[in-house]
Amino acid sequence: MTHSHHIPLRELYVSDDAASALQAEARKLPGWTLDTHQQAELTLLMNGGFAPLRGFMSEADWRGAERGEGSWPVPLALRVGADFADRVQPGDDIALRDAGGEVLAVMSVTDKWGDPVLLGGKVKGLRRPPGATPNSLRALFRDRGIARVLAVQPRHPDQVAPAARLAANLDALLLVQPLPGVAIDPPAGAVLSPLPVAPPPGPRSVLWQGLVARNHGATHVVLDGDAAAREL
């Protein structure tokens, strides 16, 4: 039986050949150096962690997310400096670089708005960072025939033990996704896959957590203050 949490997600990476060609083109493009948080968001965009998003939101989608509408619960756009923004217009491609200058992705800018300036547009990923991805976790769960996966995204190590008991009661595998800066020694049998970014503040944070957990192959999630697991 094929479970929905075993099915691969669409990633935003191009083929190796296309990546080589885009790397050469990217040297001629305006380049924006991502900060740590932006780089983490880009990683989750590219590897499917933020599916179904295909890039940074357009202005219309961003404003819709502010109102609680659309396919993603919170606004997500690329904030850039004013000097860089002056060099970029909708229709342009830009290179998204890490702090070392390596091009991680090419973004096709469709929207530019706001103060500070926000950019929207689809991204094409050129480099896969190391570590587990939503699809590698989904493949693991599929290969092991795991029907239920309970995700916990702990802010504190003491949140893991109650989640492990809930997983046992569900006959589920425990997926531990600690937030940045949280060191976890996972219990035996659990899968550890740290998240590179924390949920955004606000009432829609729980929706973000649920979608990110589901994209990483979870069928259930336990959130802050929950005494029971929520089915995804």
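The values are calculated or read from the model by the stated rules, or taken from the named source; none is laboratory data. Everything numeric here is computed off the predicted structure, so don't read it as measured data. With ideal geometry, Cβ positions are generated from the backbone for all residues, glycine too; neighbour counts draw on all protein chains shown.
Hey, could you check the stretch 1-27 for residues that are assigned to a loop (DSSP other than H, G, I, E, B) and more than 14 Å from LEU137 (Cβ to Cβ) and say which is modelled with the lowest pLDDT? Quick ask: steps written out before the conclusion?
To start, the set of residues in the stretch 1-27 that are assigned to a loop (DSSP other than H, G, I, E, B) comprises 1-3, 7-12, 14-15, 27.
This time we only want the ones that are more than 14 Å from LEU137 (Cβ to Cβ), so: 1-2, 10, 12, 14-15, 27.
Working: MET1: 58, THR2: 66, ARG10: 95, LEU12: 97, VAL14: 95, SER15: 92, ARG27: 88.
Result: MET1.
A quick yes/no check of all residues on (1) in the same structural domain as GLN39 (by TED's automatic domain parsing); (2) closer than 30 Å to LEU232 by Cβ; (3) not in a loop (DSSP other than H, G, I, E, B):
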position	(1), (2), (3)
ARG63	yes, yes, yes
GLY70	yes, yes, no
VAL106	yes, no, yes
GLY121	yes, yes, yes
ALA139	no, yes, yes
ILE146	no, yes, no
ALA161	no, yes, yes
ALA167	no, yes, yes
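When you look at LEU223, is it farther than 17 Å from VAL74 by Cβ and not assigned by TED's automatic domain parsing to the domain that holds GLU69, yes or no?
Taking the combined requirement at face value, the residue does not satisfy it.
Among residues belonging to the stretch 199-211 that are in contact (Cβ under 8 Å) with a residue 40 or more places away in the chain and part of a loop (DSSP other than H, G, I, E, B), point out the one that is surrounded by the fewest Cβ atoms within 10 Å (Cβ to Cβ).
Result: GLY202.
Each row is one residue, and each column tells you yes or no for (1) among the charged types (D, E, K, R); (2) surrounded by 21 or more Cβ atoms within 10 Å (Cβ to Cβ); (3) under 14 Å from HIS5 (Cβ atoms).
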{"residue": "ALA168", "(1), (2), (3)": "no, no, no"}
{"residue": "PRO186", "(1), (2), (3)": "no, no, no"}
{"residue": "ALA213", "(1), (2), (3)": "no, yes, yes"}
{"residue": "ARG230", "(1), (2), (3)": "yes, no, no"}
